[in-house]
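> The structure under discussion is supplied below as structure tokens; questions concerning it will follow.
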Amino acid sequence: MKTAQSDNTETNKGTKKRFASMRKSFVPYVKTFLTVVLITLLGEILTPYFDLINIAILYLLPVLISAVRWGRGPSFFAAGLGVLVFDFFFVPPVLSLTVHDVRHVFIFGMFLLVAIVTGTMATKLRNELDKTKEREQRTLALYALSQKIAAESDLKRVLKTFVERVAGTIRGDVIMLVHNPDAEMLLEVAAYPSHNTLSDDKERAVAHWVLEHGQRAGRGTETLSAAQSLFFPVKAEDKTLAVLAIKTEPDGKALASEQLQLIEAFSNLAAVAIIRVNLAQEAEQAKWLAESQKLHTALLNSISHDLRTPLAAITGAVTSLLSKETAYDAGTEKALLDAINEGAQRLNRFVGNLLDMVRLESGILKLNTQWCDIEDIVGVALREMKDILQPHSLQVKIPSGLPLVKADFALIEHVVINLIENAVKYSPEEGMISISARTVNDTVYVTVADGGPTIPRYERERVFDKFYRLHSTKHTSGTGLGLSICKGIIEAHGGKIWVDSPHEPGNRFVFSLPVPEQPGPLPDTKEEVFHAL
Amino acid sequence: MPSEGTRILVIDDEKQIRRMLKTALTGYGYDIAEAPSGQEGLNQTAIFHPDLIILDLGLPDLDGIEVIKRLREWAQTPIIVLSVREDEEDKIRALDAGADDYVTKPFSMGELLARLRVALRHMAKSEDEPVLVFGKLTVDMARRLVFLDGEEVKLTPTEYEILKYLALQAGRVVTHGQLLRAIWGPNYQEQTHYLRVYVGQLRRKIEADPSQPAIIVTESGVGYRLVDRA
């Protein structure tokens, strides 16, 4: 029942449409007729003053007008009607189609000839004009699309614009299927209307055929014409990059060749866009690869250097002690043993930094946050670094009553240790290293200052980059890992770290940590409660 | 030598570490037995009757914590755990399971020997002494008084309780949880900020330089230790 009904409405629609188009083609004739009537009335008024031949010329006017405005048919109609009306109303005997004077037949002949020639020429002119207009519009549309494509870097958005344009041109539904070479698949990337998809696997099979052969197929072509849509290859050179599926009204006319041309022009632009985006992606990937390659090289260099240097010191000292050739005095022996100990400690710190870096990089760093006392953290770090701080003078200024912070004690301790190690490394022998802390508003600032050569302003940001080493200090051993780890840890705590230099020479490394609302008041101990009882 | 004849069992799967410990500790007069796995360690404990056990937490067969738990079912032998830096939680779990102390790898022999001595002494100690002396610091538990260089130090009751608890465990690590449970009770064992505040206050009263404490040191992420100079 339902199908019949819908068929019925379909037919109705068709009839209506045909009727509409018929009415459309009628209008020029009616208008031409009215013009002729108007000219006749004018002729009647002018008869007393005009010769017959002048009146005849008046009838060329509707021919010219209809030729320019509506084309050849209406203009011929105007010519024929003009002759008849002229004969009937003006040529004696008036109000009859009979002609007495043979000269008047000559006038008719001449009139018709002039009318036909003028009409034909005017029509041609009009067609030319139409074509030029259409071409201009096409160029404009192409230009607009190319502008949009150039402005978009996101392929999806480019193709969305593209399908909208195509849909606008053909007044139908459009689906864009882009070939993914990695998965050997056609992906429906864009469609107009946007939720549109291919109706079934048969349609998809036609799309694949087009992808493979790079030729049009489907409805209105000679290949696989049973398909509902017309499938259009989007090609660049010999490669089909995508397939365009176009669905028009089932009983509508096939697409005009100008429309097909326009679609092809659009497709070429789409192909350019696809290639451009693909190239950009490849370039991005290549850059990323190069970057990670660089990082790996830097990591390997740094690891081998930082593992081997203390190992070399240890091996050298141990083999000296083991060799039986020389007997060292007690002082030398102690110095060698100290070197071994120092090397081992340095190795340990380096391994710790490597582990921290891996944990930071892989995102498995879990903050074990607790209430921490900055003074306590600094104290533990100083105890840890006691040996290497020995030759330097140390100044610690931490005010009592500093608020507690919520932090991972061990990680902040690593930050302080790294900053101290850094200060020791770049400070002159017996130089002053000072550690201080202060609170401003809701932030606590911890500063580790050294008397080493000032880091140039332009390098201050970069010292926190992974494996970054100052140009001036390339010879000093170190990985360029320590500061980048500090940065990672501090940022994970919601703080900031930077370096400046209020006094030259010297550097001041500062990190900040947010101070949360302090914990509630402390309860009495069991003991105090007991005493109160 | 006081360590003469003291028996120590080393449970570690790394042969290099076992060899190093055996060489060094034998040199100090200890009597050493080795076990390369947790199971073997448990068996050896029953046969060798060690006075102290050095246990590596990373064993191939049994989890180190599991070894501690099984040992504690029937033996009170002091256990010193070998751990790595990153495992604060493991250290705490080991201490809560009944380990006496830990050293972090890589450790110095001096540090390990100090831990050994403290653990052995606590085991041997029979009666509580009323007055404890740590260098300049004296804690008189009978009179609840604390002296620094012979001068009385005024402590609040809470500060005193913390100092007393640490002093009784002198040389050994005390976890945050143990301290909080002992001073405030089991409901407060997560409230580490109490300790940060009170230990800070305490240090200001008894330490020469509170920013570089020499008496009550912090074991990062684990707890506190009162340094035993004896």
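> Which condition number in (1) under 29 Å from A:VAL446 (Cβ atoms); (2) more than 14 Å from chain B (Cβ to nearest Cβ); (3) loosely packed, with under 13 Cβ neighbours inside 10 Å is the one that A:ALA298 fails?
Just one mismatch for A:ALA298, condition (3).
> Moving to a separate point now. Among (1) under 30 Å from the mean Cα position of the chain (by Cα); (2) hydroxyl-bearing (Ser, Thr, Tyr); (3) within 30 Å of A:THR132 (Cβ to Cβ), which single condition is A:THR240 missing?
For A:THR240, the exception is condition (3).
> Right, here's the next one. Which one of these is buried (at least 18 other Cβ atoms within 10 Å of the Cβ) and at pLDDT below 80: A:LEU159, A:LEU145, A:LEU97?
Among A:LEU159, A:LEU145, A:LEU97, only A:LEU145 is buried (at least 18 other Cβ atoms within 10 Å of the Cβ) and at pLDDT below 80.
> Where residues in segment A:337-347 are within 9 Å of another protein chain (Cβ to nearest Cβ) and surrounded by 15 or more Cβ atoms within 10 Å (Cβ to Cβ), which of them is farthest from A:SER512 (Cα to Cα)?
Filtering segment A:337-347 for residues within 9 Å of another protein chain (Cβ to nearest Cβ) gives A:341, A:344-345, A:347.
Now restrict to residues that are surrounded by 15 or more Cβ atoms within 10 Å (Cβ to Cβ): A:344-345, A:347.
Numbers: A:ALA344: 31, A:GLN345: 28, A:LEU347: 28 Å.
Step by step, filter segment A:337-347, then rank; the result is A:ALA344.
> Which residue out of A:VAL515, A:VAL510 is more than 14 Å from chain B (Cβ to nearest Cβ) and either at pLDDT 90 or above or under 18 Å from A:VAL415 (Cβ atoms) (or both)?
Just one listed residue meets the conditions, A:VAL510.
> Within segment A:386-411, which residues are part of a helix (DSSP H, G or I) and within 11 Å of chain B (Cβ to nearest Cβ)?
A:LYS386, A:ASP387, A:LEU389, A:PHE409, A:ALA410, A:LEU411 - these are the residues of segment A:386-411 that are part of a helix (DSSP H, G or I) and within 11 Å of chain B (Cβ to nearest Cβ).
Every residue, every condition in (1) of a type in the set (Asp, Glu); (2) without any contact (Cβ under 8 Å) to a residue 24 or more places away in the chain, yes or no:
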position: A:ALA191; (1), (2): no, no
position: A:HIS195; (1), (2): no, yes
position: A:LEU211; (1), (2): no, no
position: A:GLU222; (1), (2): yes, yes
position: A:LEU241; (1), (2): no, no
position: A:ILE246; (1), (2): no, no
position: A:LEU255; (1), (2): no, no
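> Sticking with this one: Here are some residues: A:ALA270, A:ALA265. Which one is touching a strand residue (DSSP E or B) at 6+ places or on another chain (Cβ under 7 Å), closer than 18 Å to A:VAL163 by Cβ and touching a residue at least 40 places away in the same chain (Cβ under 8 Å)?
Going through A:ALA270, A:ALA265 in turn, just one is touching a strand residue (DSSP E or B) at 6+ places or on another chain (Cβ under 7 Å), closer than 18 Å to A:VAL163 by Cβ and touching a residue at least 40 places away in the same chain (Cβ under 8 Å): A:ALA270.
> Which of the residues belonging to segment A:334-360 are without any contact (Cβ under 8 Å) to a residue 60 or more places away in the chain and more than 18 Å from B:PHE107 (Cα to Cα)?
A:LYS334, A:ALA335, A:LEU336, A:LEU355, A:VAL358, A:ARG359, listed by residue number.
> If B:THR158 satisfies all but one of (1) out of contact with any helix residue (DSSP H, G or I) (no Cβ under 6 Å at 6 or more places or on another chain); (2) closer than 19 Å to B:ILE215 by Cα, what's the number of the condition it fails?
(1)
> Still on this structure: Among the residues that make up segment A:247-262, is at least one of them touching a Leu at 6+ places or on another chain (Cβ under 9 Å), in the same structural domain as A:LEU177 (by TED's automatic domain parsing) and surrounded by fewer than 16 Cβ atoms within 10 Å (Cβ to Cβ)?
yes
> Which one of these does B:ALA182 not meet: (1) surrounded by fewer than 21 Cβ atoms within 10 Å (Cβ to Cβ); (2) outside any helix (DSSP H, G or I); (3) in contact (Cβ under 8 Å) with a residue 12 or more places away in the chain; (4) within 14 Å of chain A (Cβ to nearest Cβ)?
Of everything listed in (1) surrounded by fewer than 21 Cβ atoms within 10 Å (Cβ to Cβ); (2) outside any helix (DSSP H, G or I); (3) in contact (Cβ under 8 Å) with a residue 12 or more places away in the chain; (4) within 14 Å of chain A (Cβ to nearest Cβ), B:ALA182 misses just condition (2).
> Looking only at residues that are among the polar types (S, T, N, Q) and within 9 Å of chain A (Cβ to nearest Cβ) in segment B:145-179, which one is nearest to A:ASP373 (Cα to Cα)?
Looking only at segment B:145-179, we keep the residues that are among the polar types (S, T, N, Q), and these are B:156, B:158, B:169, B:175, B:178.
Still in the running and within 9 Å of chain A (Cβ to nearest Cβ): B:156, B:158.
Details: B:THR156: 20, B:THR158: 19 Å.
Top of the filtered list is B:THR158.
> Further, regarding this structure: Give me a count of the residues in segment B:204-226 that are within 7 Å of another protein chain (Cβ to nearest Cβ), surrounded by fewer than 22 Cβ atoms within 10 Å (Cβ to Cβ) and assigned to a strand (DSSP E or B).
Of the residues in segment B:204-226, 1 are within 7 Å of another protein chain (Cβ to nearest Cβ), surrounded by fewer than 22 Cβ atoms within 10 Å (Cβ to Cβ) and assigned to a strand (DSSP E or B).
> Which of the residues that make up segment B:185-194 are more than 9 Å from chain A (Cβ to nearest Cβ) and in a helix (DSSP H, G or I)?
The answer is B:PRO186, B:ASN187.
> I've got another one for you. Inspect all residues belonging to segment A:34-46 and state whether any of them is assigned to a loop (DSSP other than H, G, I, E, B), surrounded by 13 or more Cβ atoms within 10 Å (Cβ to Cβ) and either in the same structural domain as A:LYS124 (by TED's automatic domain parsing) or modelled with pLDDT of 85 or more (or both).
Scanning segment A:34-46 turns up no residue that is assigned to a loop (DSSP other than H, G, I, E, B), surrounded by 13 or more Cβ atoms within 10 Å (Cβ to Cβ) and either in the same structural domain as A:LYS124 (by TED's automatic domain parsing) or modelled with pLDDT of 85 or more (or both).
> Does segment B:72-117 hold any residues that are within 25 Å of B:GLY5 (Cβ to Cβ), within 13 Å of another protein chain (Cβ to nearest Cβ) and touching a residue at least 24 places away in the same chain (Cβ under 8 Å), and which are they?
Listed by number, the residues that qualify are B:PHE107, B:MET109.
> Within the bounds of segment B:204-211, is there any residue that is touching a residue at least 12 places away in the same chain (Cβ under 8 Å), assigned by TED's automatic domain parsing to the domain that holds B:LEU145 and basic (Lys, Arg)? Talk me through it step by step, then tell me what you get.
Taking segment B:204-211 and keeping what is touching a residue at least 12 places away in the same chain (Cβ under 8 Å), we get B:205-206.
Among the residues that remain, those that are also assigned by TED's automatic domain parsing to the domain that holds B:LEU145 are: B:205-206.
Add one more test, that the residue is basic (Lys, Arg), and what stays is B:205.
Checked segment B:204-211: at least one residue is touching a residue at least 12 places away in the same chain (Cβ under 8 Å), assigned by TED's automatic domain parsing to the domain that holds B:LEU145 and basic (Lys, Arg).
> Now for a separate question. Just one of (1) assigned to a helix (DSSP H, G or I); (2) facing chain B (nearest Cβ under 8 Å); (3) under 51 Å from the mean Cα position of the chain (by Cα) trips up A:ARG383, so point out which.
Going through (1) assigned to a helix (DSSP H, G or I); (2) facing chain B (nearest Cβ under 8 Å); (3) under 51 Å from the mean Cα position of the chain (by Cα) one by one, A:ARG383 breaks only (3).
> Taking segment A:353-372, which residues are within 11 Å of another protein chain (Cβ to nearest Cβ) and under 10 Å from A:ALA407 (Cβ atoms)?
Those that are within 11 Å of another protein chain (Cβ to nearest Cβ) and under 10 Å from A:ALA407 (Cβ atoms): A:ASN368, A:THR369, A:GLN370, A:TRP371, A:CYS372.
The values are calculated or read from the model by the stated rules, or taken from the named source; none is laboratory data. Being a predicted model, the structure only gives us computed values, none of them experimental. No Cβ is skipped: glycine too gets one built from the backbone with ideal geometry, and neighbour counts run over all protein chains shown.
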